[in-house]
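What follows is one structure encoded as structure tokens, with my remarks underneath.
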Amino acid sequence: MVRSSKMASRTQSHSLIFCRSSSKLPVALIVPDFDHLKSWCKINGISEDGNENLIKNKQVVDRIQNEVNHYNTDFSQHEKVKNTVLIPHVWSINNDELTHTQKLKRRVILDKYRKFWEPLYEN
């Protein structure tokens, strides 16, 4: 199962929810809206030391996870996101992750960011 997310929010630029066919663990790949997130960090006194560090910050992760939990209430049990992976790079047409009409290229994204989500399925 692969689909674009219903989880549209101010802190997310793009998201993709998918599940391996052999698993019942939906995973959300989320690209934060870094401009909004950096403003939020500034207001909350959190260091904005680059996207890579930003997505590892516990307060940032908790904020985005809280939003995922909020949207999970709209999903049936088998659709609920079990794991969230924050991606430090904005998906774009130039990087071949979006079509010219701004639609996600799901297979490209899943292949390109495999190192982020694949460890979640190893157990």
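If the condition is being of a type in the set (A, V, I, L, M, F, W, C), part of a loop (DSSP other than H, G, I, E, B) and within 18 Å of residue 55 (Cα to Cα), then region 82-113 contributes 87, 90, 91.
The set of residues in region 57-81 that are in a helix (DSSP H, G or I) and in contact (Cβ under 8 Å) with a residue 40 or more places away in the chain comprises 63, 64, 67, 68, 71, 78, 79.
Screening the candidates 52, 67, 48, 79 for the property of being over 14 Å from residue 26 (Cα atoms), among the charged types (D, E, K, R) and in contact with a helix residue (DSSP H, G or I) (Cβ under 9 Å, 6 or more places away or on another chain) yields one hit, 48. Give me the residue from region 104-123 that is surrounded by 10 or more Cβ atoms within 10 Å (Cβ to Cβ) and not hydrophobic (A, V, I, L, M, F, W, C) and, out of that set, modelled with the lowest pLDDT. Restricting to residues being surrounded by 10 or more Cβ atoms within 10 Å (Cβ to Cβ) and not hydrophobic (A, V, I, L, M, F, W, C), the top hit is 121.
When each of 2, 31, 61, 27 is tested for being touching a Phe, Trp or Tyr at 6+ places or on another chain (Cβ under 8 Å), closer than 23 Å to residue 112 by Cβ, at pLDDT 90 or above and not aromatic (Phe, Trp, Tyr), the lone residue that passes is 31. For region 69-78, does any single residue satisfy the condition of being exposed (fewer than 12 other Cβ atoms within 10 Å of the Cβ), within 15 Å of the chain's Cα centre (by Cα) and not charged (D, E, K, R)? Yes, the conditions are met somewhere in region 69-78.
The values are calculated or read from the model by the stated rules, or taken from the named source; none is laboratory data. Bear in mind the structure is a predicted one, so any value in this text is a computation, not a measurement. Neighbour counts run over all protein chains shown; Cβ positions are idealised from the backbone, glycine included.
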